[in-house]
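A.B. asks: Structure below; questions to follow.
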Amino acid sequence: MKEEPPDFISRQEPRDLIHVPPEFAVAEGAVRVLDEDEYVAGSSLWKDARRRLLKNKLAVFGLIVVVLITFISLLGPPIIKAATGFTYDSIPRDVTLIKSIPPFRSADGSFSWAHPMGTDNSGRDLLARVLLGGRISLMVGIISTLVSLIIGVGYGAVAGYLGGRVDNWMMRLVDVLYSLPYIILVIVLLAVFRSSTAVGQLVLLFIALGSVSWLTMARIVRGQVLSLKNQEFVVAARATGVSTTRIIFRHVVPNTLGPVIVYATLTIPQVMLSEAFLSFLGFGVQPPLASWGSLAAEGIQNIAIFPWQLIFPGVTMALTLFSLNFLGDGLRDALDPQMRT
Amino acid sequence: MLRFIIRRLLITIPTIFVVITLTWGLIRLAPGNFYTAERSIPKAIRENIKEKYGLNKPWYVQYGKAMWPIVRHLDFGNSLKYQGQPVSNIIARSLPVSATIGLLAYLLALILGITFGSIAALKQNSAWDYASMAVAMLGISIPNFVVGPLLVMVFSLSLYWLPPARWGGFWSKSLILPVLTLSGLYMAYIARLTRAGMLEVLRSDYIRTARSKGLRERDVVIRHALRAGLMPVVSFTGPALAFLLTGTVVVERIFALPGLGNYFIQASLNRDEPLIIGIVAFIAITLLLMNLLVDIAYAYLDPRIRY
């Protein structure tokens, strides 16, 4: 006959069982032998990871800031447009306004709410431009990381699963590519293929950045796949006649997800930094579009007289990268405690 | 060991050719030529230019013409923009500027990074630890093109202590701000690597042995822990050099220095093909040789590694 579990172990909320804080566990005293079919909730990798992540204050801070900045960048421009009528490239008609106005000032120097970050040299609202820069910088970060994710995971999984000579040659190629001065090649690529439209240059940027940042991802995935491919579930799949492609992408790749997510999170700020670097040099995002890097580049030219043109995009960008890095570090510690470097 | 070095050198040579070919291919695949960047010119002159630079020949002839002098005498030809100047002269003139800033920055980063990283590891979870790691994270997150101008704002435009830009010679005040700007990122990386490496080593058995022998803490740290704990820093030297190159591009741009990076940017914008290829090849060779040196140093420093 089944015994009813004691009421503090309710079947409805099994998670209470595992997360007993240590001080209470000790207070209970004896180690109780479980009844034969008593239900104990296992703690999945993801649940454990979430708990560890939420305990890490810096990572939570990072997560909050990243989410906030994303939302403000997405929702801010329409709100500004509704409230004041400014968009990122609305140049004032009144010629006396075509100059850089300090934060919270109007053209005659009196206090005003119109431009909380001031305006740029053409009188465009800097807040609207920084928010547009946020959209574009985040978009470049995410899309280029996705491009690198697809290439890296595919390449690494195939190399690791096939093994042997194929693996050897594929990884030899990665080693060679590793030693190349990417960013230098990216600059050549962006300079010579320079697109005449701002959007074209943006697409070029996605491709260029994505296609140079997949190498580490490929190495990580390959390592994971090597350790997975001889486990029972893969052998079982092979024994039942599942095709190699299907084994790689349906059985092996999903199990490498933890490290892949961690590394992807750490790739986003790196890619954003590269984008800013390229835009700063004038190879990346082109006007009238703006990214934090291109705004900073404009700001530097007038640093002595209009410092706000550099400070606002620069600080926003630094805060975002700072948060993303902490989030990535926290995720790494939470998902894969052994991967610390 | 010798076999390892020879094998690596043998891989290096084809790699450099892959790089050069890739660069050449990129430049040639792109629409237009270096002279189309200028204003439009009459057809006859265009034909003459094509004739002079062999642009009307099939691509493999052009490729052969571009590669042969490089293979024969490592001769990259003359710059197209700076007429009559051999690429090698331009590199020889601008390299010392970049190298000085880069090496000084790396040295500063090593000294400060290792110091702060070790302190953080020895006093793990103390205020020192948190403070240095937060500063390190800031160093990684703030782009150097923001740090540089901020330093200029403070030290040149407000305090009038240091010159805001321009090259003032190899031993002058004008070096200070570029070196500081460039070293921030490496300092941060090195501090993090040192801390991680030291934390791992300090927990190991042989450190406990050294302590239980009654060695002074200073000897334990400096003679036993640091040597193994700094291995990650040694292997970072290779990637650091690559970072250094991209870093100098920005720093030279901010401070208007006549270094390799500035010439490279100009060459890319002008589609100055021989100069681009020359600089890319030079950078690739330096990187590959540095990586090889780092691997050798690694094997020498860590007796557990055998190739």
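The values are calculated or read from the model by the stated rules, or taken from the named source; none is laboratory data. This structure is a prediction, so every number in the text was calculated from the model and none was measured. Glycine gets a Cβ as well: all are built from the backbone with ideal geometry, and neighbour counts include every protein chain shown. The area values use the complete protein model at the heavy-atom level, side chains included, leaving out ligands, DNA and RNA. Shrake-Rupley method; radii C 1.70, N 1.55, O 1.52, S 1.80 Å.
A.B. asks: Can you tell me which residue in region A:55-69 is nearest to A:Ser137 (Cα to Cα), limited to those that are open to solvent by 50 Å² or more (accessible area, probe 1.4 Å) and touching a helix residue (DSSP H, G or I) at 6+ places or on another chain (Cβ under 6 Å)?
C.D. replies: In this case the residue turns out to be A:Leu63.
A.B. asks: Just the residues that are at the interface with another protein chain (Cβ under 8 Å from one of its Cβ atoms) and modelled with pLDDT under 75, please, taken from region A:172-193.
C.D. replies: The answer is A:Val176, A:Ser179, A:Leu180, A:Pro181.
A.B. asks: I would also like to ask the following. For region A:222-328, which helices (runs of 4 or more DSSP H) that fit wholly inside it have 3 or more residues that are within 14 Å of another protein chain (Cβ to nearest Cβ) and either open to solvent by 10 Å² or more (accessible area, probe 1.4 Å) or touching a His at 6+ places or on another chain (Cβ under 8 Å) (or both)?
C.D. replies: Result: A:257-280, A:292-301.
For every residue, the table says whether it meets (1) more than 30 Å from B:Tyr53 (Cα to Cα); (2) within 11 Å of chain A (Cβ to nearest Cβ).
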site: B:Leu215; (1), (2): yes, no
site: B:Gly229; (1), (2): yes, no
site: B:Tyr263; (1), (2): no, no
site: B:Phe282; (1), (2): no, yes
site: B:Tyr298; (1), (2): yes, no
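A.B. asks: For region B:64-88, which residues satisfy the criterion of being open to solvent by 70 Å² or more (accessible area, probe 1.4 Å) and among the aliphatic types (A, V, I, L, M)?
C.D. replies: Listed by number, the residues that qualify are B:Val71, B:Leu74.
A.B. asks: In region B:228-275, which residue that is touching a Gly at 6+ places or on another chain (Cβ under 8 Å) and part of a loop (DSSP other than H, G, I, E, B) is least open to solvent (accessible area, probe 1.4 Å)?
C.D. replies: Looking at residues that are touching a Gly at 6+ places or on another chain (Cβ under 8 Å) and part of a loop (DSSP other than H, G, I, E, B), I get B:Phe255.
Yes or no, residue by residue, for (1) open to solvent by 60 Å² or more (accessible area, probe 1.4 Å); (2) farther than 30 Å from B:Ser172 by Cα; (3) modelled with pLDDT of 75 or more:
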position	(1), (2), (3)
B:Leu22	yes, yes, yes
B:Phe34	no, yes, no
B:Lys52	yes, yes, no
B:Leu55	no, yes, no
B:Gln62	no, yes, yes
B:Ile90	no, no, yes
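A.B. asks: Which residues, taken from region A:200-211, are open to solvent by 10 Å² or more (accessible area, probe 1.4 Å) and in contact (Cβ under 8 Å) with a residue 40 or more places away in the chain? It would help to see each step written out before you state the result.
C.D. replies: Restricting attention to region A:200-211, the residues satisfying the condition of being open to solvent by 10 Å² or more (accessible area, probe 1.4 Å) are A:200, A:202-204, A:206-207, A:211.
Listed by number, the residues that qualify are A:Leu202, A:Phe206, A:Ile207, A:Ser211.
A.B. asks: Taking the residues in region B:101-139 that are among the polar types (S, T, N, Q) and surrounded by fewer than 18 Cβ atoms within 10 Å (Cβ to Cβ) as candidates, determine which candidate is farthest from the other protein chains (Cβ to nearest Cβ).
C.D. replies: So the residue we want is B:Thr115.
A.B. asks: Please note which helices (runs of 4 or more DSSP H) are completely contained in region B:1-89 and include at least 1 residues that are within 14 Å of another protein chain (Cβ to nearest Cβ).
C.D. replies: So the answer is B:2-29.
A.B. asks: Cβ-Cβ distance below 7 Å, separation of 6 or more or different chains: which pairs start in region B:144-173 with a residue that is at positive phi and end on one that is open to solvent by 30 Å² or more (accessible area, probe 1.4 Å)?
C.D. replies: Every condition considered, the pairs that remain are B:Arg166/B:Ala256.
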